[in-house]
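The values are calculated or read from the model by the stated rules, or taken from the named source; none is laboratory data. All values derive from a computational prediction rather than experimental measurement. For neighbour counting, all protein chains shown are included, and Cβ atoms are generated from backbone atoms with ideal geometry for every residue, glycine included.
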Amino acid sequence: MSDPLLVRPKRLEKAAQKMINDYANCSTSNRDRPIDMICRPSQLEWRITNDGVMGGFSRGNMEVTQEGYGRFRGKVSLENNGGFTSTMAVIPAVSGENVNKIIVCAKGDGKRYSLRLKPAGEYREVSYRAYFVTGADLWQEHEFALQEFTPTFRGKVLSDVPPLTAQVLREIGFLIADKQAGPFELLVGRISLGS
């Protein structure tokens, strides 16, 4: 019987290669910026909401790859007034007082996605959104100041809610819509919160 405390060479090699890939996957690294928390998709429990809640036929799925990336993929259908699919996950509480931005390292398919953030507490039904366009088969960093996020409820922009702060941030997710029919795939390597 093998000793569970011993790290096998192949596992060590895979872990080292994963670390190298994580730094190489995005054009710029976070090493020059103060980072308070890093979430890897493999550490989160993702749930899916398809437009079936409104009678549509779009289908999405979020799975964790062998490398630990999150793969959000599926097919958007415009049939029967449909046209969206999304994935969300609860994140650990943010402790840093100076956290004011979020950085997503992702590889896409040339389509436009919405990054969605939800707070805890009184405004937990509000989705704060920011858009980003992906390069086809290209790893990119997308950086957003929390003040850039627009508060929405079921797609309608709200004007009577406070801006989002990191201290109330509770959920993160991605949505594809905007009449972008057909297959899609977004690979998420890292989600960083910092200042």
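Contact map, the stretch 134-159: residues that are without any contact (Cβ under 8 Å) to a residue 60 or more places away in the chain and within 22 Å of Arg190 (Cα to Cα) paired with residues that are surrounded by 12 or more Cβ atoms within 10 Å (Cβ to Cβ) and of a type in the set (D, E, K, R), Cβ distance under 6 Å, separation 6+ or inter-chain. Pairs shown: Ala136/Asp109; Ala145/Lys101.
What number of residues within the stretch 96-110 are among the charged types (D, E, K, R), closer than 21 Å to Thr165 by Cα and surrounded by 15 or more Cβ atoms within 10 Å (Cβ to Cβ)? Break it down into steps so the answer makes sense when it comes.
Here is the first cut: in the stretch 96-110, the residues among the charged types (D, E, K, R) are 97, 101, 107, 109.
Next, from what is left, pick out any that are closer than 21 Å to Thr165 by Cα: 97, 101.
So of that shortlist, the ones also surrounded by 15 or more Cβ atoms within 10 Å (Cβ to Cβ) come out as 101.
Here the count works out to 1.
Conditions (1) aliphatic (A, V, I, L, M); (2) surrounded by fewer than 16 Cβ atoms within 10 Å (Cβ to Cβ); (3) more than 15 Å from the chain's Cα centre (by Cα), marked per residue:
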| residue | (1), (2), (3) |
| --- | --- |
| Ala89 | yes, no, no |
| Val94 | yes, no, yes |
| Arg112 | no, yes, no |
| Tyr123 | no, no, yes |
| Ala130 | yes, no, no |
| Val133 | yes, yes, no |
| Leu138 | yes, yes, yes |
| Glu141 | no, no, no |
| Gly155 | no, yes, yes |
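Whether a residue is in contact with a Ser or Thr (Cβ under 9 Å, 6 or more places away or on another chain), farther than 22 Å from Arg47 by Cβ and of a type in the set (D, E, K, R) was assessed, and Glu141 passes this test.
Within the stretch 107-118, can you find the residues that are within 17 Å of Pro183 (Cβ to Cβ) and part of a strand (DSSP E or B)?
Of the stretch 107-118, the ones within 17 Å of Pro183 (Cβ to Cβ) are 107-113.
Residues satisfying the conditions are Lys107, Gly108, Arg112, Tyr113.
All of (1) assigned to a strand (DSSP E or B); (2) at pLDDT 85 or above; (3) over 16 Å from Pro183 (Cα atoms); (4) in contact with a helix residue (DSSP H, G or I) (Cβ under 9 Å, 6 or more places away or on another chain) hold for Asn98 with one exception: (1).
Please note which strands (runs of 3 or more DSSP E) are completely contained in the stretch 26-86 and include at least 3 residues that are on the phi < 0 side of the Ramachandran plot and modelled with pLDDT under 95. Walk me through how you get there before you give the answer.
Details: elements: 35-39, 46-50, 59-64, 70-76.
Per the criteria, 35-39.
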